[in-house]
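The values are calculated or read from the model by the stated rules, or taken from the named source; none is laboratory data. The shown structure was predicted, so the numbers you read here are calculated from the model rather than taken from an experiment. Virtual Cβ from ideal backbone geometry, glycine too; neighbours counted across all protein chains shown. Please note that ligands, DNA and RNA were not included when accessible areas were found on the heavy atoms of the full protein model with its side chains. Shrake-Rupley method; radii C 1.70, N 1.55, O 1.52, S 1.80 Å.
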Amino acid sequence: MKKIVLLFFLFFSLSFGAVGERLIWDKGSTLLTFFEQNSIPLKLYYNLSSQDKELTAEIYAGVNYYTLRDENGDLLQALIPISDDVQIQVYQDNGDYKMDFIPIISVSTQKILSLSIQKSPYQDIVDATQDVNLANEFINAYKKSINFKKFVLKDDKLAIVYSRKYRLGKPFGSPDIKAAVIETNKKSNYIFSYNGRFYDKNAKEVAGFLLEVPVQYTRISSRFSYGRVHPILKIIRPHYGVDYAARVGTPVHAAANGKIIYIGVRGGYGKTIEISHGNGLKTLYAHMSAFAKGMKAGLYVKKGQVIGKVGSTGMSTGPHLHFGVYKNNRPIDPLGRIRTTKSELKGKEKTKFLQMAKQYKQELDKAIGQFSFEEQKAYLSDRS
């Protein structure tokens, strides 16, 4: 059953009259409420391991999920994403419901966009691609180094090399910008992605989201992992955060300035707070024993402000803080975001980066130089 993917929906629907649907996960819904709505025995959830119960709390509002129902409306199968790479599979097997975590099957396409700015970089990217996430990623990458309103003028040029995942023909997850360039006052401003961060052509970091360690901990009991399919057991178990082991009651601090967008009990994560930091970035603090006085949704907090205390609520094997970082709802490694200054690549890493950047720079220059932009203001093509 683990090999069943979305093609099953199409085959079963055509062959047996079953009905497949693409739906949107409602705000406030949990896997338990989904089970209740579909008459699935709740023991399927309660019999999960602690790690699996914690993973089910990763379902986020607004994500597209798929269901397949028989002629009576009974659920045959559901595929519910918890990230760009992993989904929950709930299915019937000989009359019993079962559940697993399986990889998401998607197709990745490399693309190149080049355009002459007419309205704004954001709006022109959206108009050319209908991809709001790509526009957001581009603006966020340059936001700390360029004042778009002041320095970007009409007919300035930009180009982006990026990859995009597609699921059943529709964009899925977040685009991954590999390299980009934008003109300002006849100057070309390049950025290149390397190990999850953006650098200029001289290997200096151009954008950074600085985080403070949220708790005084004794050790890191579990690190971030996207998960891998076990070669023998054929199972996949990611861990979308860092677990900081600490005594019960140890103060938990906000890792950066932001607004609380969720506070409450969240499935396997127990007592949880989520903080939005703008630009699609948010942090999550889970398994807390208590929230600090005055904490509520909508409240703005400052970096270092106490928001709660370490505990072991939810599905926890011992007192610790589960700390997660997300960019456009995509989990990223928190340890790669905790630093005090912008970094600059050196040594072998810099040499490797400069070789890569040189190739991308040539590609970006060609993407802009080959068009006059007189008759057409934007060009989008697959990257060869």
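Worth pointing out:
- The local environment of Val161, defined by Cβ-Cβ distances under 11 Å, has a net charge of +3 under the rule Lys, Arg +1 and Asp, Glu -1.
- For the peptides 241-253, 72-84, the ranking by mean Cβ contacts within 10 Å, running from highest to lowest, is 241-253, 72-84.
- Note on the chain: with neighbouring protein chains present and a 1.4 Å probe, carbon and sulfur make up 50 percent of its accessible heavy-atom surface.
- Under 19 Å of direct C-alpha separation, and excluding same-chain neighbours fewer than eight residues apart, Lys327 reaches these lysines: Lys27, Lys143, Lys144, Lys165, Lys178, Lys259, Lys282, Lys303, Lys342.
- Distance from the alpha carbon centroid of region 158-212 to that of region 116-142 works out to 12 angstrom.
- In summary, region 240-301 shows an alpha-carbon radius of gyration equal to 1.07 times the 2.2 N^0.38 Å reference for compact globular proteins.
- Exposure ranking of Val107, Val152, Val213 by accessible area [1.4 Å probe, largest first]: Val107, Val213, Val152
- Considering only GluC sites (Glu not before Pro) in DSSP loops that have at most 15 other Cβ atoms within 10 Å, the longest stretch of the chain without any of them is 213-373.
- Reported label for calculated Cα extents along the principal axes in Å given (1) 74, 50, 38; (2) 64, 57, 41; (3) 70, 50, 37: (2)
- Full extension of the chain between Thr33 and Leu299 gives 93.0 nm of extra length, using 0.36 nm per residue less the Cα-Cα distance.
- Counting only protein heavy atoms and a 1.4 Å probe, region 141-267 has 50 square angstrom of accessible area per residue.
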